Each structure stands twice: as C-alpha cells, then as structure tokens.
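Encoded as structure tokens, the structure appears first; notes follow it.
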Amino acid sequence: MSDQGSALRPDLGVIARNIATGARVLDVGCGDGSLLAALRDLKGVDARGLELNAENVAAAVARGLSVVQGDADTDLAYYPGGSFDYAILSQTLQTTRRPDQVVEALLRIGARAFVSFPNFAHWRGRMALLFGGRMPVTRLLPERWYDTPNIHHLTIDDFRALVKERGWHIENQWFLKGDRETGDANANLFAEHAVFLLKA
C-alpha cells in the first residue's frame, strides 16, 4: 500500500493489505476512521463505520466517511445479515461486554471478520505480574488497571479456544511483536498483538 496505508497502526496495516479492492466493509469501533479512509482511498472500498466515541465519530465524518455513533454490544443487531464482505473489530474486542456475542454478530453481518486484540499473555506482562506484582503498563497498553477501557484480558490461546468452541473457522492469522510481524511459534508467549481473519 502507499504511504497512507503504511502510516496505519501495525494491526490495521495487516487488515488493510488483506482486504479485497472494492469490498463492502464495516469497521466496528473505527476510531477516527484512519483505516476506513485508507481503504476508501487506496482500495476503493464501500467503507462504513460504527464508533462509540462522539469525538471520533466527528473526526471520521470530517474525513468524508459514513460513520455513525453506536455500541458494538447492542447496535450490531440492527445490521442485516450478509450486508458486508468484511466486518472489522480492531483493538475493541477486549472492551466489549460480551466479546463472544460481538464476534458472532460480526460473522452474521460480514462474510468474513477481522478481529485484532492485544495479547495479555505476552511475556513482558507475565514478568510484570510475577516480579512486580502489579498489572503491567506498556507502550501498547498504556492505561493503568483503574482507567483502562479493557474489561476482558484475553490471550491468543483464549481466543483460539473460543473459535473452536463456537465452530468458527480461522482463515488466516498474523502476530505482531512491536510494530513487526512475527511467526506463529509460541505466539501466545511472544506476540504482543494478534489479528485473525474468521469465517462462520
């Protein structure tokens, strides 16, 4: 992708590179619309967004994007099944009340779903708990335990177990260490973030 695409957060860059040109896309928890704007401008997608934060909605609309204010936990029910080629949930799963139901809704709305999230089993987090006895604060997880929006601290293995339990299919998966992709080997220990492409 061009400079605009390479300027995206690493997990969003992975998603952007793997979305087909001209696709219909719904980005749930789209923030200020950075990913949607890149997809619209570089891949000609029909880009739509749902975002809880009113300031982010305003920023996305100012970019000329079709973004509405809404809550992933409640408002996905209003979208008809099969409305999109891809439904995206990036760095939002851990902030929802019922992540399992949100992913189920994504797979109803979209033919495929991208889900990215921080891996709370990364070795640095484990060491912070083991030796410091406190919840870790890192560059990628900068909030403290009492002001974080993260209410579910999931791991890559937790997510894989949920996928298996629900009978969903993993079409592809990517793991990030810092700003770079890393291999699948021991991803639950060494990857800081994960991106999954799912199909029902």
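The values are calculated or read from the model by the stated rules, or taken from the named source; none is laboratory data. Predicted model, so just to flag it, every value in this text is computed and none were measured. All Cβ positions, even for glycine, are placed from backbone atoms using ideal geometry, and neighbour counts span all protein chains on display.
If you take the residues of the range 17-32 that are assigned to a loop (DSSP other than H, G, I, E, B) and surrounded by 15 or more Cβ atoms within 10 Å (Cβ to Cβ), which of them is farthest from the chain's Cα centre (by Cα)?
Residue satisfying both the conditions and the ranking: ALA23.
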Any chance GLY29 is closer than 26 Å to ARG180 by Cβ and touching a residue at least 12 places away in the same chain (Cβ under 8 Å) = yes
What number of residues within the range 58-78 are among the charged types (D, E, K, R) and outside any loop (DSSP other than H, G, I, E, B)?
-> 2
Residue under evaluation GLU55, criteria (1) in a helix (DSSP H, G or I); (2) farther than 20 Å from HIS152 by Cβ; (3) touching a residue at least 12 places away in the same chain (Cβ under 8 Å), criterion not met | (3)
Does the range 164-200 hold any residues that are over 21 Å from GLY13 (Cβ atoms) and buried (at least 16 other Cβ atoms within 10 Å of the Cβ), and which are they?
-> TRP168, ASN188
Which of the residues belonging to the range 1-15 are out of contact with any strand residue (DSSP E or B) (no Cβ under 8 Å at 6 or more places or on another chain) and either at pLDDT below 60 or assigned to a helix (DSSP H, G or I) (or both)?
-> MET1, SER2, ASP3, GLN4, GLY5, SER6, GLY13
Among the residues of the range 97-125, the number that are in a loop (DSSP other than H, G, I, E, B) and either on the phi > 0 side of the Ramachandran plot or surrounded by 24 or more Cβ atoms within 10 Å (Cβ to Cβ) (or both) is 2
Can you tell me which of PHE175, PHE190 is under 11 Å from PRO118 (Cα atoms) and not β-branched (Val, Ile, Thr)?
-> PHE175
